[in-house]
1. Could you tell me which numbered condition A122 fails, if it satisfies all but one of (1) in a helix (DSSP H, G or I); (2) modelled with pLDDT under 85?
2. Of all the helices (runs of 4 or more DSSP H) wholly in region 1-117, which have at least 2 residues that are under 17 Å from S171 (Cα atoms) and among the β-branched types (V, I, T)?
3. If N70 meets every condition in (1) closer than 23 Å to S254 by Cβ; (2) of a type in the set (S, T, N, Q); (3) modelled with pLDDT of 95 or more apart from one, which number is that one?
4. Can you go through A295, A303, A269 and tell me which one is of a type in the set (G, A, S), within 25 Å of K176 (Cβ to Cβ), more than 17 Å from the chain's Cα centre (by Cα) and at pLDDT below 80?
5. Show the residue pairs meeting these rules: Cβ distance below 9 Å; 6+ apart or different chains; first residue within region 285-307 and assigned to a helix (DSSP H, G or I); second residue at pLDDT below 70.
6. Being touching a residue at least 40 places away in the same chain (Cβ under 8 Å), touching a Cys at 6+ places or on another chain (Cβ under 7 Å) and part of a helix (DSSP H, G or I) is the requirement here; does S171 meet it?
7. Is one or more of the residues making up region 155-166 surrounded by 14 or more Cβ atoms within 10 Å (Cβ to Cβ), of a type in the set (G, A, S) and modelled with pLDDT of 80 or more?
8. Which ones in region 180-209 are of a type in the set (A, V, I, L, M, F, W, C) and farther than 15 Å from K64 by Cα?
Amino acid sequence: MGDKLLSWVLLIVLALIWGSSFILMNKGMFGSDGSTLYTSNQVAALRIFFASIFLAPIALGSLKIVNKNNFLPILAVGVCGNFLPAFLFTYAETTLNHSLVGVLNSTTPIFTILLGILFFQAKASYWHAIGIFVSTLGLFGLLGMGSNIDLSSSLKYIGAVLFATLCYATSVNTIKRYLTKIPPIKLTSLAFFMVLFPSAIILFFVFPGENVIWNNDFQEGIIYILILGIIGTSIAVILFNRMIQISSAIFASSVTYLIPIVALLWGVADGEEVNWIQVVSMLLIVGGVLIINWASRKMSKKADLKG
């Protein structure tokens, strides 16, 4: 499979996985009756811990490739690409609805471009800006952001999501700039290994062990978190790191534009109706991603010709 086709396949697969992650987070935190099963910190710590343990055997076999030149970039990917966002997103979901979190999560490509230009010597064209604008317009139309939001009480939760997307953008640019030669599975396992011990320490202080053993609801909740940690985190990040390496940082981060569409489809499967505004909005989102990808390919070809 060529890199172009593979990058699109990975984009769609990741949109499906991460578009479902918000539901998994919610089911991990709350029971069917709305009662709290696990706190936001417990869910985040468990998510990172499960993902790190799952990848630990690979990480232990890959430690020899860590050196003084790549240690800090790998650590940055572990902290900014995985550890901090896990806690920030679960914190935000204690108050914000999934739709708003999905919209805010889609600011990642914007931060990716800005940080890339300012700090990582990345280049972007006006077509990238047009693609981002078109997709963002579709997102606002799809999710109707702003109708029932009390900014005075939600500002710190909105800020948490925006800080998480800034962390994602930092991680994406770091991988594209410094770590493209490390195989994705090794890079992912090493990044998680570097945050294994911090997550274990937090888990030691916040984990309600006896509830998991004796309460059926708590057992069901931890199953959702386990799925979130292994499939929605460790496996998904491996695929994402691969996509960054074979495409542009901007195209890879555009997966966040497709996540709300998956969330909407989950709603349809649950009996919700779709109107024409939502259909047009989805077309705008996909159109914006196509523009971003086309612009990235165009810049890549120009760079190859100059090289």
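The values are calculated or read from the model by the stated rules, or taken from the named source; none is laboratory data. Quantities reported herein were computed from a predicted structural model and do not represent experimental measurements. All Cβ positions, glycine included, derive from the backbone under ideal geometry; neighbour counts span all protein chains shown.
1. With respect to (1) in a helix (DSSP H, G or I); (2) modelled with pLDDT under 85, A122 is out only on (1).
2. Filter on region 1-117 gives 71-78.
3. The one condition N70 does not meet is (1).
4. None of the others qualify; the one that does is A303.
5. Correct list of pairs: I285/L142.
6. yes
7. Checked against the condition, which is being surrounded by 14 or more Cβ atoms within 10 Å (Cβ to Cβ), of a type in the set (G, A, S) and modelled with pLDDT of 80 or more, region 155-166 yields at least one hit.
8. Across region 180-209, the qualifying residues are F192, V195, L196, F197, A200, I201, I202, L203, F204, F205, V206, F207.
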